[in-house]
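Data block below; observations after.
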Amino acid sequence: MTTEYRRCSTVETVRPTYDAAAAQERWQKFWEENQTFTARDDDSAERRYVLDMFPYPSGDLHMGHAEAFVMGDVVARYQMMRGYDVMHPIGWDSFGLPAENAAIQRNAHPAEWTYKNIETQKNSFKRYGLSFDWTRELHTSDPEYYRWTQWLFLQFFSRGLAYRKASFVNWCPNDQTVLANEQVVQGACERCGAAVTKRRLTQWYFKITDYAQRLLDDMEALEGKWPDRVLAMQRNWIGRSQGAYVDFEVEGRDEPLTVFTTRPDTLFGATFFVVAPDAPIAEELVTDEHRAEFEAYLDKTKAASEIERQSTEREKTGVFTGRHAINPVNGEKLPIWAADYVLADYGTGAVMAVPAHDQRDLEFAQKFGIPVRVVIETGEADPNETGIATAGDGAYVNSGELDGLTDKASGIATMAEKLEAEGRGRAAITFRLRDWLLSRQRFWGCPIPIIHCPSCGEVPVPEDQLPVKLPDLRGADLAPKGTSPLASEAAKQWREVACPRCGGAAERDTDTMDTFVDSSWYYFRYCSPNDVTAPFDVAATKRWAPVDQYVGGVEHAILHLLYSRFFTKVLHDAGLIEFTEPFTRLLNQGQVINEGKAMSKSLGNGVDLGAQIDQYGVDAIRTTIVFAGPPEDDIDWADVSPGSTAKFLQRAYRLAADVTSEPGADPASGDVALRRTTHRAIADITEALESQRFNVVVARIMELVNGTRKAIDSGCGAGDPAVREAVEFVTQSLSTVAPYLGEEMWEVLGHEPSVARSSWPVAEDALLVQEAVTLVVQVQGKVRAKLEVPASLTEEQATEAALADEGVQRALAGREVAKVIVRLPKMVSIVPVT
Ligand code: ANZ
Ligand code: ZN
């Protein structure tokens, strides 16, 4: 602590100031030595699990981390003061492309680069004052961790939930690796922005589609606890669709072709048939005459992203296959086209096209001169003329036994029954969700624990041989080449093994797992991070999980959260845990931007966290971020003022230094008005913390600081125990956002550290009751009414109460009011129009 000399108007006074840098150093040491934030895990209190999405070790902490992690820290610190045994762990998602690419660029081994970065970030986390339980730190790239990732993979494998298949996959030509659908954003690689293309490869998948319905159903329990938009995004991604399968005979083919349709009732309006060019069936159907044209079209299709293919703006394209399908309801011959607006891996990859009632089909029909037949009279204009398909309800026409029906629901039901009875179709539900493609042709990831044997096939690595460690490959070329570095000459020795089943020559799988596998279960590992016998101790997860509060960016709304939910359900089904959802509550913090734009090197608008901390101190930066707005909103660094936040923190500190009463002084004998202010603040701040309005917390602390200073100055004096009560609460609540200052103030107030382990006060009801005052109402200067009102009433309420009074109305005698003067809380003066 240093002192600052300052001239006041009359006397020379010594004003203590808060030295942020010194406090940071001092309390970091204290917390570490005293294990202040280590979860007790001893049944001494009810448990709370507060979790931040763990970071990639891709560089030092930046402003985004500063915002993300402070929110969880506020929750954790508040819960600790509430008396809960809080677990607030941290670790690193340390496998994956960011680390590997950075390592390749710098000519370093990914491991060296990764662990060096972790050290840097770790120190920055500590400096940033986060209340992490460091005893539970984990890294997904540690063999002791990924051993269990592999073990879990084998559980999925033995349950039939991990399988290999050949298919066209999203391929990033820059990173030279496959991408899950979730990692393709508007046709581009999520990581590097390169345009994504398709490749046919044999890949590992997790069968998440088996869980589609449960992933949907269980969201009900998350309603109101997760952000609405995240739930909506997940629902959309899963994309449940109710409809029917309809079988079409194909000329010259024994097997019928099946389509998925949501509108079987429009079957009489089908005038052509479309298959996805990249569905295997397309190649089979196409006649020799049309093959050359088809092949050229298929090449073009592969270059287009799924988003482009589904775009309604794009001109429709396609080629005729030379074949025909037979409409099961009227025997009509429908030409079969291959067109890229039909996707290979949705439904059956084939559709019956009804141009009058489906916009995509209409555009296609009009371009290629295919007839458009209206089968529902909706009252709208003819699609043939307008180019707009009609999708509404109406009377069926040209539709055989449906004619006469007038609504969609009975049309669909009637047709579904008819098809079912004839054995040509059945009701069905489909999902947009695809199986999770998890294999990657890259080095820095968890090896897939499978051995390929020419005679036994896919053989799991025996449990006692886990982990399958990554070979060192130091000095080998790790740059992306389309095949995994584990398949290269340098890894030959590692790869060639005896088959665990037959002992013959066999080879390890050379792919590594998507890092989303690593992060789908880390929150269970934290519960027993050093367990050498299992991925997690069942009893420990029972004590801690599910996570009570999860905090992280909305960029993970689909990928990470959906995969984690899937993992949790599988582990539940395997009997390892009792619940089915991993995260009870979810908070998505916003981003820190600058001058209206995301910070970037090219814009030169980056703000360096380290420099900000050097200038203003950790507490001021944390408080500025929290105060800037609701946690889920973005913060524009150009709009905030860490300098004035730092000044506010100094004002708070001086309050603590001014208190002269002893710790434990009974506030009951103190100034009642100040006590009311304090207890109102306790009630409001507690409520704001519970409802995650952390900016309101800071605003209310500021008011309490000002109110307390005023009370001291206007007579109650620094020795009043009510002042101590107020300042102690300022200290506790402020310590959630400004932890170093909190510790210093707590000590200045004469308490043993740590404030983080102090107990949160409860507002006294008696002090929350509104004080009543007498409101005097004058009309033209004469007193006309005296009303008992709460002291806290607003100007509007005072005016309203005054005008509602009978005596006042009598005095006004119907005249209009020209002016109302309100002096809160005691007087209202009304001037009528004369
Ligand atoms: C005939 C029809 C008539 C259709 C009509 C719609 C309206 P959702 O709701 O998204 O599930 N479809 C089916 N498989 C497809 C695929 N692989 N690629 C592109 N489109 C496909 O969409 C289901 C509808 O999308 C299906 O119902 C089918 O077109 C089309 F008046 O069948 B419909
Ligand atoms: Zn074998």
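The values are calculated or read from the model by the stated rules, or taken from the named source; none is laboratory data. Since the model is a prediction, treat every value here as computed from it, not as a measurement. Every residue, glycine among them, receives a Cβ derived from its backbone with ideal geometry; neighbour counts consider all protein chains shown. Keep in mind that these areas ignore ligands, DNA and RNA; they rest on the heavy atoms of the full protein, side chains included. Shrake-Rupley method; radii C 1.70, N 1.55, O 1.52, S 1.80 Å.
At-a-glance table
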| quantity | calculated |
| --- | --- |
| Qualifying residue in the range 363-379 (condition: small (Gly, Ala, Ser), touching a helix residue (DSSP H, G or I) at 6+ places or on another chain (Cβ under 8 Å) and away from ligand 1 (no atom under 11 Å from the Cβ)) | no |
| Number of positions in the range 18-49 that are at pLDDT 95 or above, assigned to a loop (DSSP other than H, G, I, E, B) and either within 29 Å of Ser600 (Cα to Cα) or among the aromatic types (Phe, Trp, Tyr) (or both) | 1 |
| Index of the failed condition, Leu201 passing every other in (1) touching a residue at least 40 places away in the same chain (Cβ under 8 Å); (2) in a strand (DSSP E or B) | (1) |
| Selected residue (only one of Ala194, Ala270 is touching a strand residue (DSSP E or B) at 6+ places or on another chain (Cβ under 7 Å) and either buried (at least 19 other Cβ atoms within 10 Å of the Cβ) or under 19 Å from Ala344 (Cβ atoms) (or both)) | Ala270 |
| Helices (runs of 4 or more DSSP H) within the range 58-170 that include 1 or more residues on the phi < 0 side of the Ramachandran plot and within 22 Å of the chain's Cα centre (by Cα) | 63-81, 97-105, 110-127 |
| Residue count for the range 542-556, restricted to those that are of a type outside the set (Val, Ile, Thr), touching a strand residue (DSSP E or B) at 6+ places or on another chain (Cβ under 9 Å) and more than 17 Å from Ala66 (Cβ to Cβ) | 8 |
| Candidate set: the range 344-369, residues that are open to solvent by less than 20 Å² (accessible area, probe 1.4 Å) and among the hydrophobic types (A, V, I, L, M, F, W, C); chosen: the one nearest to ligand 2 (Cβ to nearest atom) | Ala350 |
| Top-ranked residue in the range 486-514 [being of a type outside the set (Gly, Ala, Ser) and open to solvent by less than 10 Å² (accessible area, probe 1.4 Å); ranked as nearest to ligand 2 (Cβ to nearest atom)] | Cys499 |
| From Asp765, Asp805, residue being free of Cβ contacts under 8 Å to residues at least 60 places away in the same chain and closer than 30 Å to Val730 by Cα | Asp765 |
| Members of the range 45-61 found to be open to solvent by less than 80 Å² (accessible area, probe 1.4 Å) and either closer than 18 Å to Met81 by Cα or aliphatic (A, V, I, L, M) (or both), listed by number | Ala45, Arg47, Arg48, Tyr49, Val50, Leu51, Met53, Leu61 |
| Selection within the range 559-604 - among the hydroxyl-bearing types (Ser, Thr, Tyr), open to solvent by 20 Å² or more (accessible area, probe 1.4 Å) and without any contact (Cβ under 8 Å) to a residue 60 or more places away in the chain | Ser600, Ser602 |
| Subset of the range 443-458 [in a loop (DSSP other than H, G, I, E, B) and either within 16 Å of ligand 2 (Cβ to nearest atom) or open to solvent by less than 10 Å² (accessible area, probe 1.4 Å) (or both)] | Phe443, Gly445, Cys446, Ile448, Pro449, Pro454, Ser455, Cys456 |
| Strands (runs of 3 or more DSSP E) contained entirely in the range 730-834, each with at least 3 residues that are open to solvent by 80 Å² or more (accessible area, probe 1.4 Å) | 782-790 |
| Test result for Ile412, surrounded by 13 or more Cβ atoms within 10 Å (Cβ to Cβ), at pLDDT 95 or above and outside any strand (DSSP E or B) | no |
| Candidates Cys446, Cys456, filtered to the one that is touching a Lys or Arg at 6+ places or on another chain (Cβ under 6 Å) and more than 16 Å from ligand 1 (Cβ to nearest atom) | Cys456 |
| Meets criteria (away from ligand 1 (no atom under 16 Å from the Cβ), over 22 Å from the mean Cα position of the chain (by Cα) and aromatic (Phe, Trp, Tyr)) for Tyr205 | yes |
| Close pairs from the range 699-713: first farther than 12 Å from Ala652 by Cβ, partner not in a helix (DSSP H, G or I), Cβ under 9 Å, at least 6 apart | Ala711/Asp671; Ala711/Gly717; Ala711/Asp720; Ile712/Ala718; Ile712/Asp720 |
| Meets criteria (touching a residue at least 24 places away in the same chain (Cβ under 8 Å), over 32 Å from the mean Cα position of the chain (by Cα) and away from ligand 1 (no atom under 16 Å from the Cβ)) for Asp509 | yes |
| Failed condition for Asp340, given (1) in contact with a strand residue (DSSP E or B) (Cβ under 9 Å, 6 or more places away or on another chain); (2) crowded, with 16+ Cβ neighbours inside 10 Å | (1) |
| Given (1) under 25 Å from the mean Cα position of the chain (by Cα); (2) at pLDDT below 90, index of the condition Asp52 fails | (2) |
| Subset tally (residues that are within 9 Å of ligand 1 (Cβ to nearest atom), within 26 Å of Ala413 (Cβ to Cβ) and either more than 36 Å from the chain's Cα centre (by Cα) or touching a residue at least 40 places away in the same chain (Cβ under 8 Å) (or both)) for the range 260-289 | 10 |
| Filter result for Val178 (of a type outside the set (Phe, Trp, Tyr), under 25 Å from Pro57 (Cβ atoms), open to solvent by 50 Å² or more (accessible area, probe 1.4 Å) and within 24 Å of the chain's Cα centre (by Cα)) | no |
| All positions within the range 233-255 that are open to solvent by 50 Å² or more (accessible area, probe 1.4 Å) and either out of contact with any strand residue (DSSP E or B) (no Cβ under 6 Å at 6 or more places or on another chain) or in a loop (DSSP other than H, G, I, E, B) (or both) | Met233, Arg235, Asn236, Trp237, Glu251, Gly252, Arg253, Asp254, Glu255 |
| Residue in the range 214-226 that is out of contact with any strand residue (DSSP E or B) (no Cβ under 9 Å at 6 or more places or on another chain) and assigned to a loop (DSSP other than H, G, I, E, B) present | yes |
| Spans of strands (runs of 3 or more DSSP E) in the range 291-406 with at least 2 residues farther than 26 Å from Arg199 by Cβ and more than 41 Å from the chain's Cα centre (by Cα) | 319-326, 333-338 |
| Residue in the range 717-729 that is closer than 26 Å to Asp85 by Cβ, open to solvent by less than 20 Å² (accessible area, probe 1.4 Å) and in contact with a helix residue (DSSP H, G or I) (Cβ under 9 Å, 6 or more places away or on another chain) present | yes |
